[in-house]
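Structure record follows, encoded as structure tokens.
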Amino acid sequence: METAGEFLSYAAKLEEEAALRFGELADVMQSCGNTDVANLFRRLADYSRLHLADARARAAFRDMPEMKPQEYDWPNLESPETAGIWAADPFIGRTQALEIARDAEEASLKYYKSIYDTTTDPEIRVLAKEFFEEETEHVKEIHKWIEAHKAGKRLTAE
């Protein structure tokens, strides 16, 4: 990352793709009657849309590079928070769906943390810390859902 604008471009793309994937997964879970997990995926999609709006708002006063999807240099093939497409399997159980959501949120957290740990730009460092802290809260929430599920409690999106 060279500039705060570049960081925000990546953050916006990451959140956009996460919102799309979590929305798709919510639709699949809803269609196969897994309402509780569908509601969780919708909540995660909503969080991603909020972060997307935040990244775009912060970028309004900065030069953001215009990048095509293939120009983003992600640690893996897709952006870090893009949940595994295999979660769209209508026969997937709650446990597997929750683990996939957890893995996506943890990958995003790790991504922002790695930027925070390696950048020398103070502005990027501040932004990466803020995004890292937000993702930390999401990971905590997913872990809460996993523990509730293991304990046999009903999962509810508040």
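The values are calculated or read from the model by the stated rules, or taken from the named source; none is laboratory data. Given the structure is predicted, the values throughout are model-derived calculations rather than measurements. Backbone-built Cβ (ideal geometry, glycine too); neighbour counts: all protein chains shown. The area values use the complete protein model at the heavy-atom level, side chains included, leaving out ligands, DNA and RNA. Shrake-Rupley method; radii C 1.70, N 1.55, O 1.52, S 1.80 Å.
For the chain, the alpha-carbon coordinates run over 46, 28, 25 Å along the three principal axes, in decreasing order. Per residue, the accessible area of the chain comes to 54 Å² when a 1.4 Å probe rolls over the protein heavy atoms. Lysine pair count for the chain with Cα-Cα distance under 24 Å and sequence separation of 8 or more or different chains is 17.
In the chain, a dipole from Cβ-located charges (positive for Lys and Arg, negative for Asp and Glu) runs towards its positive end, and of S79, A107, G23 it is G23 whose Cα lies farthest in that direction.
In a reduced charge model with +1 at each Lys and Arg Cβ and -1 at each Asp and Glu Cβ, the chain shows a dipole moment near 600 debye about its Cα centre.
Counting only alpha carbon atoms, the long axis of helix 35-59 and the longest principal axis of the chain meet at about 10°.
The stretch between D117 and E24 holds 30.3 nm of extra length on full extension. This uses 0.36 nm per residue minus the Cα-Cα distance.
Going by accessible surface with a 1.4 Å probe and the largest first, T95, T120 read T120, T95. Label-to-label distance, R56 versus T95, with points set 7 angstrom from Cα along the beta-carbon direction: 4.0 nm.
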